[in-house]
Each structure stands twice: as C-alpha cells, then as structure tokens.
Amino acid sequence: MGGPQLSSPGATDADALVRSVALDVPRSLRSRARRSDLAFRAGTQGASTIVLVIMTLVGLFLLLQGFKALSAAGLSFFTTQAWEPNSGTFGIAAVLPGTIFIAITAITVAVPLATGTALYISEYAPRRLKQLLITVVDLMAAIPSVVYGLWGLFLLQPNILPFSQWIATYFSWMPVFAVTGFSPSDPLASPTIFTASTFIAGLVVAMMVSPITCSIMREVFTQAPLGEREGALALGATRWGMIRRVVLPFGRGGMIGGTMLGLGRALGETIAVYLIISPVFNIQPQILQKGANSISALIALRYSEASPFEISGLMAAGLALFVMTLIVNFGASTIISRSRSGASSEG
Amino acid sequence: MTILTERVAHGKTTTVIVPGDAPTTPEVRRSVGVIRRTDMYSLVGSAAASIALTTWLFTQLRVFQGALGFVAVAFLLFLSIYSAVVRFDETDLAVRDRIVAVLVHAVAFVLPLVLVIVVVYTFGRGTDALSHLNFFTHDMSQTGPLDPITSGGIIHAAVGTLIMITMALAISIPLGIASAVFLSEFPGRFSRLVRTVVEAMTALPSIVAGLFVYATIILTLGFERSGFAASLAITVMMLPIIIRSADVVLRLVPGNLKEASLALGSTKWRTVWSVTLPTARSGLTTAVILGTARGIGETSPVLLTAGLTTYLNVNPFSGPMVSLPLATFSFVKSPEPSMISRGFGSAAVLMVLVLVLFLVARLIGGRGPGVLTERQRKRRTTQSRQDAYRFRARELGIAGPGTSRRRERRGRAHTAEPERSAS
C-alpha cells in the first residue's frame, strides 16, 4: 500500500530517489477486523453486557425495593431496635450490631488461627506436609456452611458450655463477658443460659473464614524475598527473629487484606448462624449470653410470612449488609493488590 | 603434607594432597539439621512433666474439669515448663524462638483437626441413615416425622441438587467464560466497568442473591417457587465467582504465546480459540469446579426460592423442588432423632459430592497454564510431526498420508506451519 514509484520514463536515478523519498509516507497500520473477529467481539461483549445488566439489576432492585421501606421509616431505620414492619416500628439498630459482634468474634478467633497455620505452612512445615496442609485448608474452605452449622449445633455447642461458664466465672468483670442472671456460686445454675450465643455462632463462623484468611496469608508469606530471609538468618537471627523482621513486615498487606476478606465472608454468613442463634431484637453486646441476631438470619427468619412492605424492609436490611460487605471487600482487594508485586506473566 | 590416596582411573593416576595429619578414621558427614539431642530431651521432659502436673491438678485438687480444660491447662503448663528448661542453656532470644515455634505448631494443628472432626462427626452421625438403601432410593412423601429410618430417603433432594446445579452451570459457564474472555482480550473503559461491578458482586451475601430472585421472579413476576428460580439464585451468586477466577487464569496465559499467534497472521478469534483457551484449560476447569462446589453447598438462596417439598419433582419449572443442603437444614430443625440422622446422612452425601468435585479440581488444576500431561505432550508431538510431513509432501507435490478435506482445511488454519517446514 502506498509504495513509492521507483521508475518513470525519462527521469534520472537521482530524480527517482528524491521522488521516492518524498512519497515515502508512513504506512497506515490500521487493520480491518475480519468478520469472525467482529462477531467474536460482539459475542463476548454481549455476554459481559448481560452480566453487567444482571449485576446492576441486583443492586438497583435492592435499592429501589429497599427505598420504599427506607423512606417510610426515615432515619429511625438506623435507630430502631424492634422489627415490626407492619406496625411501622422497625429498624436495624439491633441486627446490624449483632452481625458485627458475630463477625468480630469470628475474626478474633480466626486471625490467630489463620496466621499460625499460614506461618507453619510457609516457614516450618516439611515439604511433603506442606502440600497436604494446603489441600486441607483449601478443602475446609469448600465445605458447605450447613455442614459447619450441624457441627456447631450438635457437637460444639454442648462441649463448649463449660468453657463459656469458666470465662463467665472468672472474666465477668469485663462487660463483654458478663452474663446477666448467672452467679458462679449457684451450684444449680443451668448452663442453658450460655447456649445459642454470639460466642458460639462466632466460633463456627471462625472455622469457616479462617481457611480463606489463611490461604491469602500463606500466599503472601511465601512471597517474602529469599535474599532477605537468608540475610537475616546469616546475620544470626533465630527463625522467629527472621519471621518477625522479614516475613511479617513483608506480608502485612496480605495479612490485613486476608483478614478483611474473612470479615466480609463472616458478615454475610447465614445458615450456620441461623441454626445456632436464638434471635433477639435488642443490642446484645454480652457475647456469652443466650440470644444473638444478624441481618442474614433475620432475612432467613422472616421472608416467608412477610407482607410486601416487610419484604421491602428486609431488602433495605439486605442492602445495608451488602454495602457493608462491599466496603470491606473493596478495602481488602485494594490492600492485597497493593501488597503484591505486579509481575506480568511472560512465558 | 601427606599423600592421602592414589586413585587409578582410566589408566591415569590422581594424587590428592591433604594438608595436616592423615585422619585415622573415615570422614563423617556433619549434620546440619537444626534438631539436637538436648532439644528432644527438653521437649519430651517438659511434656511429661506438664501432663503429670495436670493430671495431679485434675484428679487430686479438682480445680478444673472437662477434657477441653485438661488440654488447655496442660498446654499452658507445658509452655512455662519448657521455657524454664530451655532457659538453662540458651539465651533469651533462643527461648523466645522456641516458644513461638511451639505455639505455631500447636495452632497449625487446630484447622486440620477441625476438618477431621467435622468430616468424621458428620459421617458418624449419618451412618444410621447411610446404611439403609432406601435412604438413596426413596423420597420423603410417604414418611411422617415419627417414622423410623427404614422408610423415606433423599432421592428428591439429590435429584433436585443435580437439576439445579446443571441449570445454573448451563447459564453461568457460557456467560462467565465469554465475559472473562472479553475482560482479558478487549481491555477498555467498558471492560473496566464490568470488572469493577463483578468484583463488587463477589461481596454479595448469598442470602441477598436469594432475596433478589424471590422479590423479582416470585413476588413481582408472579412465578411460583421452583427449581428454576433456585438455579437463577445460584447463578447470580456463582457468576461473579467464576468470572473473577477465570479472569485471573486467563491473564496468566503468557503474552508472547498470544503475540506469536497474532504475528503469524491468525485472527483474534482464532488466537483465543486455539491458543488462549487451550492454554488456560486446566485453570478454567478449576475455576468452574470450585464455583460449582460453592453453588452446590449454598443453602440460603435455595431456601428463599425453591420452596420445600417431600415429593420427587423432576420438572424445574413447576412446583417446589428441594436440594441437599436445604433438605439437611429442614431435617435437623425437627426434634425427632430419625429426622436428625437423616439430616446428617444428607449432609454426608453433600460432603461426598463436594469432596469429589474438589479432588477432580485438584487433579485437573494442579498444573500451570500450558503445562501438559505426558499423554498430551505425546499427542501434540505426533500431530506436529504429521503436520510437518504433510507440508513437506505438499511442497513436493505428492499426496501425503491422510490428506482429507478436513485436514487440508485445518492445515490452512494453522498458517504458522508452512514457513517453519520450509526453513
């Protein structure tokens, strides 16, 4: 395309050369896509448009449906603890803190567990055990939540009650661990006061989120630069010294990100929590005491006999939950992606 | 200086000269391992001391009770005794190192232990139901809440799970893979938007996905609760997971492979179809299977949209349909022991399903992008050799083996090969 005409009759070689240089414009590099490529682009773009529409619809629908209840309740939606939408008094002031309490309990247990396991896998484990442990942790993340719920309800709950009682006996001076109506000196005190609590629900959720947190932490820990590790060891550091000065500072972003990802998962957990708690509609910061609540458990509890207006209220509660997990997840992915080196893959 | 040895090899003499006195014994390889004998002594000794002390506390003084308490007290005692013992002949730094090592080992023990307990407990409580054949072949329509375990089963839930997940996959695999390909192949403002929205939607709690389908399909559009509605809810939940992990896998495909294909003149569509997707096949399969495992195990979206039935229903478009997790959930809400063991039985079946999916994903996804198995590599080599032979034959103007029309066309599509065989 656009090649110079080198020879014309009656012109000298120099003339031809000058003319050819003058005519030598940059070749247009624009390529015309073939029909198959156009179809390919249209097809995949159509698929992603459908995905985009579905996902936007979910958000929009939540917003629109929830708006009806939100506009009826106004600001009291965030300050009312009761949930009686048909009489007009309803809000998430009880279930939102309940969700957060369960999630915080879960994360408090899960983070040391996940950190320890991740450190063991990346720093201490023999090579063969390492692969096995990675598989075990990934498998734990794949186990359905209803199975964890069964385990928590039938095995963990009866066995953890003495432990709850022990904490309540010795640490009740901390408001978090206080239990109303329990006195350690009463030998006839029934341990049922400790069942169905935030603490037990949090423990079960902790078992579900720690594999997720652990696998992210492990990934970041193993990426800690070998040169600096060996440098620290060569300077006489113990293994813990090396971990504290090299591995943990390097993996801090991944630790925070993994924790937040686990927190996002813990906030949205439904079935395991629903199986264990007995719902209450007031703010319940005493985590050992019977009775807890969360937004997702509220939805699962109430959707079936709900009037259209209550459905709208549940939508608004679901929207609040979604916004919360969204913020947590976006924070997590930003922190994780910043902590990693953005190496591109060239085979 | 002493002459240590004279070795004769291939008729040449090698003389090794070693400074210093000749050692009288053969050299022993020095151990560079970190475990010394004293370490083992202090570990075992502290463990024995702590167990003995705890037993004394529990049996004689009776300060604490319970198996869990025993383990906790014994562990705390072990830590303090061990640190005291190590302090005898180590510095503070080393003591801290040892204590952290013990703590990390102990913590790492917990998660696998929990997994084993969960699996064993579920199967243990489920054996009562699993050992009866009717559990796998009957539904619950003829069985009341008080009937013994010998009647009724979970065939309706198993069939329901299979139908729901098949429908969900039929929607989410084509949509998910196609949009993941779009995200990685056509970067731009639109794909950035799609990626952000998809990433946001991975945060969607599963119950909210269920609530969305419940409010749109069932309340607004007026359909009844059905398997189809449930599979839509599962799809809404699974799509972002599949797209996100497929996107990650596709981005791992080496750029120079794609560029090589494009430079040889193939179209973008051809490049994706015969280079990018085959290279990422194992990763894509893993992404889909792990998404499936999540989708199969979810209870809450199904709870809101599928309804509850005791009958076997194979029509996903009409009538309620139940899935395994939902059946588990409704079984254990009953106080009857037979119902609870049915619940554990169906949880065990569900877990076997997830375990199998997980193992398959492991087997397929163990390799990186483009890494072939032995058999695949052999097949690829044979095909390449045949291609070379065919091109050579065409150059020489003779009919090669197997030059059917189909092969001709395929040879033209791989525009790469003639150049190579000519050089």
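Would you point out the residue of the stretch A:261-273, among those that are of a type in the set (A, V, I, L, M, F, W, C) and touching a Phe, Trp or Tyr at 6+ places or on another chain (Cβ under 9 Å), that is nearest to the other protein chains (Cβ to nearest Cβ)?
A:Ile271
Looking at (1) open to solvent by less than 60 Å² (accessible area, probe 1.4 Å); (2) part of a helix (DSSP H, G or I); (3) of a type in the set (S, T, N, Q); (4) more than 8 Å from chain A (Cβ to nearest Cβ), can you tell me which one B:Ser266 breaks?
(2)
Consider only pairs whose beta carbons are under 6 Å apart and that are at least six residues apart or on different chains; among these, list those whose first residue lies in the stretch A:63-88 and is touching a residue at least 12 places away in the same chain (Cβ under 8 Å) and whose second residue is β-branched (Val, Ile, Thr) and open to solvent by 50 Å² or more (accessible area, probe 1.4 Å).
Pairs found: A:Thr80/A:Thr89; A:Ala82/A:Thr89.
Just for helices (runs of 4 or more DSSP H) wholly inside the stretch B:115-219: which have at least 1 residues that are open to solvent by 40 Å² or more (accessible area, probe 1.4 Å)?
Working: elements: B:134-137, B:155-185, B:189-201, B:206-213.
Once the helices (runs of 4 or more DSSP H) in the stretch B:115-219 are filtered for at least 1 residues that are open to solvent by 40 Å² or more (accessible area, probe 1.4 Å), what remains is B:134-137, B:155-185, B:189-201.
Quick check, is A:Gly66 among the small types (Gly, Ala, Ser), crowded, with 22+ Cβ neighbours inside 10 Å and at negative phi?
On the way: among the small types (Gly, Ala, Ser): yes; crowded, with 22+ Cβ neighbours inside 10 Å: yes; at negative phi: yes.
So A:Gly66 passes the test.
Matching residues to (1) open to solvent by less than 40 Å² (accessible area, probe 1.4 Å); (2) at pLDDT below 90; (3) farther than 22 Å from A:Ala106 by Cα:
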{"site": "A:Phe250", "(1), (2), (3)": "no, yes, yes"}
{"site": "A:Gly253", "(1), (2), (3)": "yes, yes, no"}
{"site": "A:Leu275", "(1), (2), (3)": "yes, no, no"}
{"site": "A:Ile299", "(1), (2), (3)": "yes, no, no"}
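If the requirement is being more than 23 Å from B:Val213 (Cα to Cα), open to solvent by less than 10 Å² (accessible area, probe 1.4 Å) and either in the same structural domain as A:Ile277 (by TED's automatic domain parsing) or over 22 Å from the mean Cα position of the chain (by Cα) (or both), which of these qualifies: A:Ala72, A:Ala103?
Details: A:Ala72 fails: open to solvent by less than 10 Å² (accessible area, probe 1.4 Å).
It is A:Ala103.
Does the stretch B:270-288 hold any residues that are within 10 Å of another protein chain (Cβ to nearest Cβ) and either at pLDDT below 90 or not in a helix (DSSP H, G or I) (or both), and which are they?
Pass one, the stretch B:270-288, residues within 10 Å of another protein chain (Cβ to nearest Cβ): B:270-273, B:279.
Within the stretch B:270-288, B:Thr279 is the sole residue that qualifies.
With A:Thr325, A:Thr259, A:Thr334 as the choices, which residue is in a helix (DSSP H, G or I), within 27 Å of A:Val146 (Cβ to Cβ) and open to solvent by 10 Å² or more (accessible area, probe 1.4 Å)?
Values: A:Thr325 fails: open to solvent by 10 Å² or more (accessible area, probe 1.4 Å); A:Thr334 fails: within 27 Å of A:Val146 (Cβ to Cβ).
Every option except A:Thr259 fails the conditions.
Mind listing whichever residues of the stretch A:93-141 are of a type in the set (Phe, Trp, Tyr) and either more than 8 Å from chain B (Cβ to nearest Cβ) or out of contact with any His (no Cβ under 9 Å at 6 or more places or on another chain) (or both)? Explain how you work it out, then say what you get.
Step one: filter the stretch A:93-141 for residues of a type in the set (Phe, Trp, Tyr), giving A:101, A:120, A:124.
Selection gives A:Phe101 alone.
Residues to consider are A:Gly227, A:Gly202; find the one that is open to solvent by 20 Å² or more (accessible area, probe 1.4 Å) and either over 24 Å from B:Leu115 (Cβ atoms) or under 29 Å from the mean Cα position of the chain (by Cα) (or both). If you could, list the steps in order and put the result at the bottom.
Working: A:Gly202 fails: open to solvent by 20 Å² or more (accessible area, probe 1.4 Å).
That would be A:Gly227, the only listed residue that is open to solvent by 20 Å² or more (accessible area, probe 1.4 Å) and either over 24 Å from B:Leu115 (Cβ atoms) or under 29 Å from the mean Cα position of the chain (by Cα) (or both).
Sort through A:Ala178, A:Ala232 and tell me the only one that's away from every other protein chain (no Cβ under 14 Å), farther than 30 Å from B:Leu355 by Cα and in contact (Cβ under 8 Å) with a residue 12 or more places away in the chain.
On the way: A:Ala232 fails: away from every other protein chain (no Cβ under 14 Å).
Of the residues listed, the single one that is away from every other protein chain (no Cβ under 14 Å), farther than 30 Å from B:Leu355 by Cα and in contact (Cβ under 8 Å) with a residue 12 or more places away in the chain is A:Ala178.
Those residues that are open to solvent by 20 Å² or more (accessible area, probe 1.4 Å) and under 20 Å from B:Gly283 (Cα atoms), I need them from the stretch B:220-253; list them, please. I'd like the intermediate steps shown before the answer.
First, pick out the residues of the stretch B:220-253 that are open to solvent by 20 Å² or more (accessible area, probe 1.4 Å): B:220-225, B:228, B:232, B:241, B:244-245, B:248-249, B:251-252.
Correct list: B:Ile241, B:Arg244, B:Ser245, B:Val248, B:Val249, B:Arg251, B:Leu252.
When you look at B:Val102, is it in contact (Cβ under 8 Å) with a residue 60 or more places away in the chain and more than 7 Å from chain A (Cβ to nearest Cβ), yes or no?
It is false that B:Val102 is in contact (Cβ under 8 Å) with a residue 60 or more places away in the chain and more than 7 Å from chain A (Cβ to nearest Cβ).
May I ask you to list the residues in the stretch B:109-154 that are within 21 Å of A:Gly152 (Cβ to Cβ), in contact with a Ser or Thr (Cβ under 8 Å, 6 or more places away or on another chain) and more than 9 Å from every other protein chain (Cβ to nearest Cβ)?
The initial filter retains those residues of the stretch B:109-154 that are within 21 Å of A:Gly152 (Cβ to Cβ), namely B:109-129.
If we keep only those that are in contact with a Ser or Thr (Cβ under 8 Å, 6 or more places away or on another chain) as well, we get B:110-111, B:125-126, B:128-129.
Answer for the stretch B:109-154, where residues must be within 21 Å of A:Gly152 (Cβ to Cβ), in contact with a Ser or Thr (Cβ under 8 Å, 6 or more places away or on another chain) and more than 9 Å from every other protein chain (Cβ to nearest Cβ): B:Gly126, B:Asp128, B:Ala129.
Consider B:Phe64 carefully, then state whether it is more than 25 Å from A:Trp151 (Cα to Cα), within 14 Å of chain A (Cβ to nearest Cβ), in a helix (DSSP H, G or I) and at pLDDT below 85.
Details: more than 25 Å from A:Trp151 (Cα to Cα): yes; within 14 Å of chain A (Cβ to nearest Cβ): yes; in a helix (DSSP H, G or I): no; at pLDDT below 85: yes.
So B:Phe64 does not fit the description; no.
Would you point out which residue out of B:Ala233, B:Ala306 is touching a Lys or Arg at 6+ places or on another chain (Cβ under 8 Å), aliphatic (A, V, I, L, M) and either touching a residue at least 40 places away in the same chain (Cβ under 8 Å) or outside the structural domain of B:Ala178 (by TED's automatic domain parsing) (or both)?
Numbers: B:Ala233 fails: touching a Lys or Arg at 6+ places or on another chain (Cβ under 8 Å).
Checking each option against the conditions leaves just B:Ala306.
Which residue out of A:Ala39, A:Ala69, A:Ala73, A:Ala33 is more than 7 Å from chain B (Cβ to nearest Cβ) and at pLDDT 90 or above?
Of the residues listed, the single one that is more than 7 Å from chain B (Cβ to nearest Cβ) and at pLDDT 90 or above is A:Ala39.
Among the residues of the stretch B:329-362, write down those that are hydroxyl-bearing (Ser, Thr, Tyr) and assigned to a helix (DSSP H, G or I). Spell out how you get there, then give the answer.
So in the stretch B:329-362, the residues hydroxyl-bearing (Ser, Thr, Tyr) come out as B:330, B:334, B:338, B:341, B:346.
Once the filter is applied, which keeps residues that are hydroxyl-bearing (Ser, Thr, Tyr) and assigned to a helix (DSSP H, G or I), the stretch B:329-362 yields B:Ser330, B:Ser338, B:Ser341, B:Ser346.
Looking at the stretch A:143-160, is at least one residue closer than 22 Å to A:Ile276 by Cβ and open to solvent by 60 Å² or more (accessible area, probe 1.4 Å)? Working first, answer last.
To start, the set of residues in the stretch A:143-160 that are closer than 22 Å to A:Ile276 by Cβ comprises A:143-160.
Subsequent filtering for residues that are open to solvent by 60 Å² or more (accessible area, probe 1.4 Å) retains A:158-159.
Looking through the stretch A:143-160, at least one residue is closer than 22 Å to A:Ile276 by Cβ and open to solvent by 60 Å² or more (accessible area, probe 1.4 Å).
Kindly check whether there is at least one residue in the stretch B:186-203 that is facing another protein chain (nearest Cβ under 10 Å) and among the charged types (D, E, K, R).
Yes: one or more hits.
So which of A:Ser304, A:Ser345 is within 11 Å of chain B (Cβ to nearest Cβ), farther than 30 Å from B:Val253 by Cβ, part of a loop (DSSP other than H, G, I, E, B) and at pLDDT below 85? Outline the logic, then answer.
Details: A:Ser345 fails: farther than 30 Å from B:Val253 by Cβ.
Only one candidate qualifies: A:Ser304.
Can you list residue pairs whose Cβ atoms sit under 9 Å apart, with the first residue in the stretch A:41-59 being within 15 Å of B:Ala180 (Cβ to Cβ) and open to solvent by less than 50 Å² (accessible area, probe 1.4 Å) and the second being of a type outside the set (Phe, Trp, Tyr) and not in a helix (DSSP H, G or I)? Count only pairs 6 or more apart in sequence or on different chains.
A:Met55/B:Leu204
The values are calculated or read from the model by the stated rules, or taken from the named source; none is laboratory data. Note that this is a predicted model, so its numbers are computed, not measured. Here the Cβ is made from the backbone with ideal geometry for all residues, glycine too, and neighbour counts use every protein chain on show. Please note that ligands, DNA and RNA were not included when accessible areas were found on the heavy atoms of the full protein model with its side chains. Shrake-Rupley method; radii C 1.70, N 1.55, O 1.52, S 1.80 Å.
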